């Protein structure tokens with residue numbers, strides 16, 4: 001049975017420190033590459049969210065030994081060539097990252113498997129991944145949606161130009177290319193998050209990168225490594241927006257990932273007038289991270305689109321909320337990808353913020369928001385989408401009245417401690 005939760009604040013002043021959980025995208029890839037590689041891999045800072053746990057369970061079914069204690073994970077893998085065929089269906093739950101990247105991994109493995117997901121994931125298109133994989137010779141049976149049957153086979157390298165900006169598609173092809181014959185090259189229309197490329201190199205792969213092109217030579221064997229997962233900037237973004245919206249607030253975010261393909265939220269906050277200071281940068285050889293201070297100031301509407309969109313695609317729901325508190329018009333465009341996320345996020349964000357009295361209009365590829373608007377309390381649906389659920393909870397900071405959220409448990413997909421951190425940060429008031 002789907003539950004609900006009511007959240008209400010009195011427009012608090014937020015001060016103090018916030019240390020968000022590990023990055024979801026990096027946690028997925030650490031488990032994947034640790035399982036592909038031969039030998040011992042140790043991961044610290046792992047995100048124990050439902051999506052990442054689904055990835056762990058899939059590799060256990062393939063015969064990889066994985067032990068987890070909180071944020072620490074140890075992987076002992078016999079190497080990809082020695083995986084065992086799973087006895088049961090591989091279940092990705094609600095995780096699009098798990099499903100799409102596993103298609104690339106399984107396509108060049110030595111096992112036959114059936115990959116499926118929950119009702120929501122089973123409605124999300126997979127052809128954008130299976131199409132290029134089949135060009136490489138992958139044996140994938142089914143239509144455009146899960147479940148799909150994958151028979152691991154010998155693949156041939158391809159040169160592929162992505163029709164959409166998608167790190168998931170790029171990563172699936174690179175994973176397949178790792179065991180393909182020849183040099184696999186992927187060309188992007190816009191630069192997307194590059195966690196896969198960085199981590200492949202960390203595990204010993206030779207990856208060639210130039211501007212919007214990345215190539216990998218097939219036949220490489222990876223070795224286990226140590227991976228440190230920084231804080232997830234996509235999760236921190238929700239609290240960053242809260243700090244930017246509430247007058248007098250100033251919050252320090254500790255050890256947040258600062259990968260330049262993911263820091264669009266920082267660019268937007270600065271452009272809209274919030275004060276953002278980044279300090280203590282580290283990890284330049286792998287995943288960069290550091291501390292970020294966000295201080296509230298007068299906010300103004302801006303235009304958000306083009307090459308910036310892939311750097312903040314997951315943050316657009318909370319940016320839409322931020323825009324309701326900014327003076328003037330904010331235009332979000334070139335974000336049609338939002339319509340094929342966990343839900344149609346353009347429709348979901350627009351409909352839920354309208355319930356609160358926001359002046360917001362959906363467009364084919366984004367939204368137009370006029371502000372500032374005094375939002376009122378309302379009963380909001382999460383649509384079973386963790387990003388929409390978190391947006392609704394943060395909206396309670398600026399709402400005139402309680403916000404009632406249907407199915408808040410979906411937030412655990414990426415941020416199981418979200419409400420704990422929400423109330424901790426809100427307890428510090430002046």
Region 219-232: number of residues that are farther than 23 Å from residue 289 by Cα and crowded, with 19+ Cβ neighbours inside 10 Å:
1
Across region 32-52, what is the number of residues that are within 13 Å of residue 76 (Cβ to Cβ) and either part of a loop (DSSP other than H, G, I, E, B) or under 15 Å from the mean Cα position of the chain (by Cα) (or both)?
1
Please name all residue pairs, on different chains or six or more residues apart, with Cβ atoms under 7 Å, provided the first residue is in region 262-273 and is assigned by TED's automatic domain parsing to the domain that holds residue 310 and the second residue is outside any helix (DSSP H, G or I) and at pLDDT below 95.
262/193; 264/312; 265/312; 268/312
Breaking point among (1) in contact (Cβ under 8 Å) with a residue 40 or more places away in the chain; (2) assigned to a loop (DSSP other than H, G, I, E, B), for residue 145
(1)
Would you tally the residues in region 274-287 being free of Cβ contacts under 8 Å to residues at least 60 places away in the same chain and surrounded by 18 or more Cβ atoms within 10 Å (Cβ to Cβ)?
2
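Of 337, 315, which residue is surrounded by fewer than 18 Cβ atoms within 10 Å (Cβ to Cβ), in contact (Cβ under 8 Å) with a residue 12 or more places away in the chain and closer than 30 Å to residue 198 by Cα?
On the way: 315 fails: surrounded by fewer than 18 Cβ atoms within 10 Å (Cβ to Cβ).
One residue alone meets the criteria, 337.
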Going through region 342-372 one residue at a time, which ones are surrounded by fewer than 21 Cβ atoms within 10 Å (Cβ to Cβ), in contact (Cβ under 8 Å) with a residue 24 or more places away in the chain and in a loop (DSSP other than H, G, I, E, B)?
364, 365, 372
Tally, over region 309-341, of residues that are at pLDDT 95 or above and outside any loop (DSSP other than H, G, I, E, B)
15
If you take the residues of region 400-412 that are touching a residue at least 40 places away in the same chain (Cβ under 8 Å) and farther than 18 Å from residue 348 by Cα, which of them is surrounded by the most Cβ atoms within 10 Å (Cβ to Cβ)?
412
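The values are calculated or read from the model by the stated rules, or taken from the named source; none is laboratory data. None of the values given here were measured: they were computed from a predicted structure. Using ideal geometry, Cβ is built from the backbone for each residue, glycine included, and neighbour counts are taken over all protein chains shown.
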